[in-house]
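Visitor: One structure follows; several queries about it will come next.
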Amino acid sequence: MTATTIHDDAPLVMPLPDRERTVGERIDTFDRLDTVEGGWGAHLRVARRTATDFRGEFAATGTPDWVTTADLYGLPYPTKFGLFRAPLSPAPYVTITNRMMVIRWTGSDGDRKTMLWEPSDVDLDANTPYFKSLADRYPDQVTDYLTDDHGRVLESLPRLGIDPADVDYLAFDHLHTQDVRRWLGTTVPQADISPNESVISAFPNANLIVQRQELEAMADLHPLQRPWYQPQTYVDLPNERIITIDGSVMLGPGVAIVKTPGHVIGNQTLVLNTSTGIWACSENVIATECLTPEHSKIPGVAKWAARWGQEVILNANTIETTAQQYNSCVLEKHLVDRAQSDSRFLQFFPSSELTGRWTSPGTSPTFVHRRIEHGSR
Ligand SMILES: [Zn+2]
């Protein structure tokens with residue numbers, strides 16, 4: 001018999017950055033979602049209305065100068081997490097592709113800003129307890145076989161014509177799996193990656209933008225959250241390189257970060273206004289068809305959604321606050337425009353997008369975005 005490890009540790013001592021240090025202009029429109037009277041059904045109706053209200057005010061702010069994407073890594077992900085209870089496929093894993101997005105805008109002061117959204121440090125993220133446990137169960141050959149290496153963040157930047165010193169902000173939809181020590185540097189040596197000296201920051205001028213609640217939650221994880229985070233990698237980060245936000249903010253013309261809790265408490269969605277209209281990017285679902293499941297050809301999905309009256313198919317790995325995540329997906333659904341090449345699907349860009357692969361029969365997406373291109377460098 002194997003003994004169960006019960007974690008009941010004291011909270012990690014993770015210094016929180018100064019609350020006064022912030023970024024962008026706060027958006028109040030979504031605050032009403034924090035104070036809805038009634039249950040999740042009432043909250044859902046407010047989410048729908050709020051998204052529609054915000055669309056108009058957001059589109060009027062203009063557009064960023066440049067948006068582009070870079071593929072990072074394709075990896076296996078449990079089918080029952082990515083497509084929740086909907087798919088019929090017996091394949092245990094689907095493939096999802098992690099992508100980084102580059103957003104550049106000019107602020108009202110004329111300053112140009114560059115943000116990397118989802119710059120996952122794939123090598124260090126592999127130490128996340130959930131992925132480590134998968135890797136321990138399968139030999140390297142199997143893992144190699146199921147993954148696609150498209151290039152690391154620092155390799156992609158020269159291809160995109162970006163100097164790491166030009167990057168102002170780094171942000172993620174949430175911090176599951178993320179280890180950002182190489183990006184921000186550390187205040188003391190790190191036994192695993194730099195035993196003799198502090199880690200030197202690869203982005204000397206960049207600040208990490210994160211919801212304050214996400215950092216607070218990470219310092220004191222619940223067992224349901226624990227497999228997905230690497231909290232100890234945040235303990236020695238330089239505090240002055242982290243900007244916490246509470247809620248939703250406009251970063252620049254047509255660039256907003258909107259609070260979308262549920263998948264995790266500090267979840268956030270990047271919302272962009274572009275030449276093709278409004279986009280949203282997060283990991284709340286893994287394929288845009290999960291927001292319009294009635295048009296999905298993935299066996300089981302449309303039928304399951306119809307049988308249970310579900311209008312979205314959640315990315316359900318942690319099921320931290322499931323109904324709230326559902327409502328955040330509906331919010332995203334009502335924020336965005338329809339895809340230009342196929343109006344059945346929305347301009348929702350999953351930061352890890354479901355990717356067809358012969359090793360996962362019955363899970364090929366009906367429609368994929370693969371990339372966003374807007375404006376120029
Ligand atoms: Zn996650």
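The values are calculated or read from the model by the stated rules, or taken from the named source; none is laboratory data. On a predicted model such as this, the values are computed, not experimentally measured, just so you know. Virtual Cβ from ideal backbone geometry, glycine too; neighbours counted across all protein chains shown.
Visitor: For region 193-215, name all the residues that are surrounded by 18 or more Cβ atoms within 10 Å (Cβ to Cβ) and over 30 Å from GLY262 (Cβ atoms).
Guide: Within region 193-215, VAL199, SER201, ALA202 qualify.
Visitor: I'd like the residue in region 135-187 that is without any contact (Cβ under 8 Å) to a residue 40 or more places away in the chain and part of a loop (DSSP other than H, G, I, E, B) and, out of all such residues, is nearest to the ligand (Cβ to nearest atom).
Guide: It comes out as TYR138.
Visitor: Which numbered condition in (1) touching a helix residue (DSSP H, G or I) at 6+ places or on another chain (Cβ under 9 Å); (2) modelled with pLDDT of 95 or more; (3) within 16 Å of the ligand (Cβ to nearest atom) is the only one that ILE319 fails?
Guide: Tallying (1) touching a helix residue (DSSP H, G or I) at 6+ places or on another chain (Cβ under 9 Å); (2) modelled with pLDDT of 95 or more; (3) within 16 Å of the ligand (Cβ to nearest atom), ILE319 fails exactly one: (2).
Visitor: Using the structure shown, decide if LEU331 is more than 16 Å from the ligand (Cβ to nearest atom) and at pLDDT 95 or above.
Guide: Yes: the conditions hold for LEU331.
Visitor: Just a yes or no: is a residue in region 216-237 assigned to a loop (DSSP other than H, G, I, E, B), more than 22 Å from the chain's Cα centre (by Cα) and buried (at least 16 other Cβ atoms within 10 Å of the Cβ)?
Guide: Within region 216-237, one or more residues are assigned to a loop (DSSP other than H, G, I, E, B), more than 22 Å from the chain's Cα centre (by Cα) and buried (at least 16 other Cβ atoms within 10 Å of the Cβ).
Visitor: Does at least one position in region 101-119 carry a residue that is in contact (Cβ under 8 Å) with a residue 40 or more places away in the chain, surrounded by fewer than 19 Cβ atoms within 10 Å (Cβ to Cβ) and assigned to a strand (DSSP E or B)?
Guide: Within region 101-119, one or more residues are in contact (Cβ under 8 Å) with a residue 40 or more places away in the chain, surrounded by fewer than 19 Cβ atoms within 10 Å (Cβ to Cβ) and assigned to a strand (DSSP E or B).
Visitor: Right, another one. Looking at region 251-269, can you tell me whether even one residue there is on the phi < 0 side of the Ramachandran plot, among the aliphatic types (A, V, I, L, M), within 16 Å of the ligand (Cβ to nearest atom) and in contact (Cβ under 8 Å) with a residue 12 or more places away in the chain?
Guide: The answer is yes; a qualifying residue exists.
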